[in-house]
1. Given the condition of a type in the set (A, V, I, L, M) and under 23 Å from the mean Cα position of the chain (by Cα), answer yes or no: does some residue in the range 122-133 qualify?
2. Going by what's in this entry, would ASP160 be described as out of contact with any strand residue (DSSP E or B) (no Cβ under 9 Å at 6 or more places or on another chain) and of a type in the set (Asp, Glu)?
3. Would you list the strands (runs of 3 or more DSSP E) that sit entirely within the range 153-238 and hold 1 or more residues that are on the phi > 0 side of the Ramachandran plot?
4. Looking at SER200 and the list (1) over 25 Å from ASN91 (Cβ atoms); (2) at pLDDT 90 or above, which single condition is not satisfied?
5. Yes or no: the range 604-624 includes at least one residue that is of a type in the set (Val, Ile, Thr) and surrounded by 15 or more Cβ atoms within 10 Å (Cβ to Cβ).
6. Can you tell me how many residues in the range 470-490 are at pLDDT 85 or above and touching a Gly at 6+ places or on another chain (Cβ under 6 Å)?
7. If you take the residues of the range 221-253 that are modelled with pLDDT of 85 or more and among the aromatic types (Phe, Trp, Tyr), which of them is nearest to SER162 (Cα to Cα)?
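The values are calculated or read from the model by the stated rules, or taken from the named source; none is laboratory data. No experiment lies behind these values; they were computed from the predicted model shown. Here the Cβ is made from the backbone with ideal geometry for all residues, glycine too, and neighbour counts use every protein chain on show.
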Amino acid sequence: MEKPKPHYYCFLQNVLVFISVYNHYFLLVFSSPSPGKNLLLPPDASALLDFKSKADLRKELGFSHKTGFSFCKWEGVHCSNSRADKVIIENMNLGGVFAPNTLSHLRQLRVLSLQNNSLTGPIPDLSGLVNLKVLFLSRNYFSGSVPPSISTLHRLKTLDLSYNMLAGSIPPSLNGLDRLYYLRLDFNRFNGSVPPFNLSSLQIFNVSHNDLAGAVPVTPTLSRFNTTSFALNPGLCGEIIHKECHSTRPFFGQPSTTAAPPVSAALSQLQGGVALSSKSMMQKHKRAALVVGFTLGVSLFVISLLCFVFAARRCKKRSDKGEITKMGLDPSVTGNAEAVMRIEEENDELEEKVKRVQEGKQHQLQMVGKSGSLFFCAGEAQVYTLDQLMRASAELLGRGTIGTTYKAVLDSRLIVTVKRLDGGRLAGTSQEVFEGHMESVGGLRHPNLVPLRAYFQAKEERLLVYDYQANGSLFSLIHGSKSAKAKALHWTSCLKIAEDAAQGLCYIHQAWRLVHGNLKSSNVLLGSDFEACLTDYCLVALASPSSDEDANAIAYKAPETLKFNHREETTKSDVYSFGVLLLELLTGKHPSQHPNLKPDDMIGWMRSVRDEQSGENRLEMLLEVALACRVAPPEQRPTMWQVLKMIQEIKEVVLMEDSEFDSNSGTS
């Protein structure tokens, strides 16, 4: 007969059973189940943590398991009834991927904005976001095609995929989103044709700067938008964009019905690499002036398109004497997700804003307060007064991120360039700081800088007065205009312009310890002898950062500047911009079209984009300088003084080779 067990034995047995069950539960909860399945956290918190694990490689987000139960208090997360309904994670330097099966589990999400980050890879399946109304994924590095799941989000009203690297065709199925009023697909790599969108709700639409081709369908919806919504797609044609479609012959092979205006002989000689004598310039000055006057408006239209895409503005020239006009446009729908949500909830306000954007309003510089004074820089003689400047007849030259530029003709027939600075971007700059900075900038005098002659400020109104450069910008010289097809510049012209620009930039850096901050081909003007002169220098130090920049402007910016949106420009970021400028000069391609290849591959690419190969070895030497300037780590870039010396050494090698060639030819 078995001996009875003590009473405490049963107690110990029950304890062991309890411990076994507890351990099993502990392992079930904490032992790495399938990703995102932490059974103790709310499902929305788990989805957000899964997103962070793949997207936030730099540990910028404050999401953590420890605070998972209060995820509604996480930065960028807004909740309704304890479920996430808005996720707005912008400008956070996210550098990973938008992984599938993460944020797509937020079933109650209405707003998702991940714009202004550095997310890569494809856009995942978003079909789980059945309540989504606003989707901002702009200004990242998303690649691949538009996922079909987006076309299933039938509550979607706002879709912004601009400024990415998306390719393939634009899905015609987007036409099924019958609530859509905001659609931006610009600055990507989409090809194929424009789908026949016919959404009555669509108010904002942009597919510019892609590789789209063919006739734009004439639908009631697409007919509401002007040419800027389709700009920078060379293959597009049709009634809406006022470009005839040619099905049997190439565009450039078409006979012209009207005689093309003559191109300035001086410009042609520079593109051919022929030195220009001052005597020849004097003889052809009058004819060149007439030609420039005729073609300037057309040429500048190309430039203004680049600034035009994201500002949604319409320019109109006023020819009345005594006026300097400014198109004043109220803000349109921006990239801010919260602002779009407010607009979504107030449709009447949206319609009114769109109407104001389309119609525009005119303002005049005569409204500038006369209480201020016109200050002349560096001891300049006061050759005109503020009243004379205000009475000047003027024409709009272009709009940039810093301000608006005019050509002004004074009563004395003196021609100057007037830049009206953007009050919004300089709102945080006091009058004392502005005056002190302009005194420094106004003291810069160098043959390769456009001199700042005078400046004006009264309240928030600020004007800068420069010498007028009749020969236009390097941008126009490289990329041509409607009246003059561009061609790659001769290598001697590339060398001369590169040396001129480097001289001016080196002077800013070394003599004055300042930074240009906005170097690009449209800010390099051609002087009377076609010397390259920098303009718009040292102004970004006063301005707040701008998010209204096109792909080409972004391509000029150094990686460290893009990585930290509010980081100040430095001399090394200027060197990077100079490298981009030099590559644009050598290839004739816009900066956004420059590939990121190995040096040997870059040489092959440069050869492929140039029509002629004269001076090939010399071009390769300049290309090596450009690539040295464009390296990602700023500490590995040369200084501008070193860059200038490299260019001058190339020049010496060229002169030596030419001298030896001439001597050998003479003895043969």
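1. Taking the range 122-133 and keeping what is of a type in the set (A, V, I, L, M), we get 123, 126, 129-130, 132.
From what's left, under 23 Å from the mean Cα position of the chain (by Cα): 123.
Yes: the range 122-133 contains one or more residues that are of a type in the set (A, V, I, L, M) and under 23 Å from the mean Cα position of the chain (by Cα).
2. In short, no.
3. Numbers: elements: 158-160, 165-169, 182-184, 189-192, 204-206, 211-215, 235-237.
Strands (runs of 3 or more DSSP E) meeting the threshold: 165-169, 189-192, 211-215.
4. (2)
5. Initially, the range 604-624 is screened for residues of a type in the set (Val, Ile, Thr), giving 609.
Checking the rest, the ones that are also surrounded by 15 or more Cβ atoms within 10 Å (Cβ to Cβ) come to none.
Checked the range 604-624: no residue is of a type in the set (Val, Ile, Thr) and surrounded by 15 or more Cβ atoms within 10 Å (Cβ to Cβ).
6. Final tally of qualifying residues: 2.
7. PHE230
Quick grid of which residues meet (1) of a type in the set (A, V, I, L, M); (2) at pLDDT 85 or above:
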residue: MET367; (1), (2): yes, no
residue: PHE376; (1), (2): no, yes
residue: SER393; (1), (2): no, yes
residue: ILE415; (1), (2): yes, yes
residue: GLY423; (1), (2): no, no
residue: ALA427; (1), (2): yes, no
